[in-house]
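What follows is a single structure, written as structure tokens, with notes after it.
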Amino acid sequence: MVTPDWQDPDSVRFMLDECDTWAVVGLTPNTTRTAYSIAALLQERGKRVVPINPDGAEVLGEQGYPTLADVPFGIDVVDVFRRSEAAGEFADQAVAVGARAVWFQLGVVDEAAYDRTVAAGVPMVMDTCPAIEWRRRGDAP
């Protein structure tokens, strides 16, 4: 099986191993949502999670913000839990705020956003999940 460019192992490794602050777009206090369980996993792995949701709600003990532009410190990875048709704007915002990388979750694919983001010099992965990638390399959550 050929791995798509947007699941480049070097980009995945960079994000999982070298990036500490993850802004999670779509993270709310709703514990039944996948974004919540993945954000909790990121925290367990030592990542700082920054909730991005319209209400700016606190989640998992971390202050939330309505937009990426509202975050008053640097962001390493923007992790997007939105439908594919709505996700591209967050990749553009990630580039605009100087994020080091962008991650679109499992099932989220926007090839045009991928092309724009990578052309801007920002690594991006799509259609996978940190939990899957940790398992894939034998570092099961």
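Under the criterion of Cα pairs below 8 Å and six or more residues apart, the relative contact order for the chain equals 22 percent. Within the shell of other residues whose beta carbon sits under 13 angstrom from the beta carbon of GLY56, the net charge comes to -4, with Lys and Arg scored +1 and Asp and Glu -1. Could you tell me the center-to-center distance, by alpha carbons, between region 63-141 and region 15-29 in angstrom? Each part's Cα centre sits 8 Å from the other's.
Phi-derived couplings, Karplus 6.51 cos²θ - 1.76 cosθ + 1.60 at θ = phi - 60°, listed residue by residue for region 18-35: 10, 10, 9, 9, 10, 7, 9, 6, x, 7, 10, x, 6, 5, 7, 8, 4, 4 Hz, with x used for Gly and Pro.
In this rough spin-label picture, where each label sits 7 Å from Cα along the Cβ direction, the GLU62-ALA86 distance is 2.0 nm. Between MET124 and VAL102, the built amide H atoms are under 5 Å apart, and every one of these is 5 or more places off in sequence or on another chain.
Counting every alpha-carbon pair across the chain, the share separated by more than 21 Å comes to 34%. Taking each residue as 0.36 nm, the span from ALA119 to GLU44 lengthens on full extension beyond its C-alpha to C-alpha distance by 23.8 nm.
Rounded to whole numbers, the Karplus 3J(HN,Hα) couplings from phi for region 63-69 are 4, x, 9, x, 9, 4, 5 Hz, using 6.51 cos²θ - 1.76 cosθ + 1.60 with θ = phi - 60°, and x at Gly and Pro.
A short reminder: the numbers here are calculations on the coordinates, not readings from a lab. Just so it is clear, the structure is predicted and the values come from calculations on it, not from any experiment. Cβ coordinates were reconstructed from backbone atoms using ideal geometry, including for glycine residues, and neighbour counts include every protein chain displayed.
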